Amino acid sequence: MVQLSERPGTKKITNLQQKFIYEINTMYDAENRFLEGQQMMWQCCQNSKLKAIIEPHIQETQQQIQNLEQVLTILGEQPQRITCDVAASLISEGQKFALLAADNPKIVDLGLAGCNSKIEQLEIACYRGLIKVAEQMGQNQVVQLLEQNLHQEEQTAQKLEQLMMQLVQEAKQTEAKTTAKAR
């Protein structure tokens, strides 16, 4: 069980506005973590198509962070990174996988694409939930900013899903060649 004393800067949540601000701040932390993770993934991957998906999404993530800062400004708050444990775990999982698969670049690329896909799905779910709450709160300007972020995440997720089948095929072909040589 997590204790509030373990989370400096967090306070009890007693109303919808506080809940929403808390969730925006955890998303702010997540996007910052994912930005760092994408930069690492871009350096680790060798597949040019995967790099071509990750590279522009790095710039989009920077814009998404700015959008979240703007949301918090609209709400009269300062951005505060509240640890998003799920984001931290996904980044850690991706780093561990890259180290474990380091001897096979095709598998590294496939694993990084899969990790990135998980991240995109998490972001999509979070933004959809935040948008619903913002709509109920009558925060139209906030809704627009969050919808921009959601749209970018959905596009990236779609590109990754399309690429993953190709990466699986490439990994299978490499293994088939390796197996044939070993005979």
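The values are calculated or read from the model by the stated rules, or taken from the named source; none is laboratory data. This one's a predicted model, so the numbers in the text were calculated from it and none came from an experiment. No Cβ is skipped: glycine too gets one built from the backbone with ideal geometry, and neighbour counts run over all protein chains shown. Heavy atoms of the whole protein, side chains included, go into the accessibility calculation; ligands, DNA and RNA do not. Shrake-Rupley method; radii C 1.70, N 1.55, O 1.52, S 1.80 Å.
A few points about this structure:
- Which listed residue is closer than 20 Å to LEU163 by Cα and either under 20 Å from the mean Cα position of the chain (by Cα) or in contact (Cβ under 8 Å) with a residue 24 or more places away in the chain (or both), from CYS115, CYS126: CYS115
- Candidate set: region 140-154, residues that are open to solvent by 50 Å² or more (accessible area, probe 1.4 Å) and more than 28 Å from ALA171 (Cβ to Cβ); chosen: the one nearest to the chain's Cα centre (by Cα): HIS151
- Set GLN141, GLN162: member being of a type in the set (S, T, N, Q), on the phi < 0 side of the Ramachandran plot and touching a residue at least 12 places away in the same chain (Cβ under 8 Å): GLN141
- Of all residues making up region 155-169, the number that are crowded, with 16+ Cβ neighbours inside 10 Å and either over 24 Å from PHE34 (Cα atoms) or touching a His at 6+ places or on another chain (Cβ under 6 Å) (or both): 1
- Qualifying residue in region 147-159 (condition: within 17 Å of ILE54 (Cβ to Cβ) and of a type in the set (Gly, Ala, Ser)): yes
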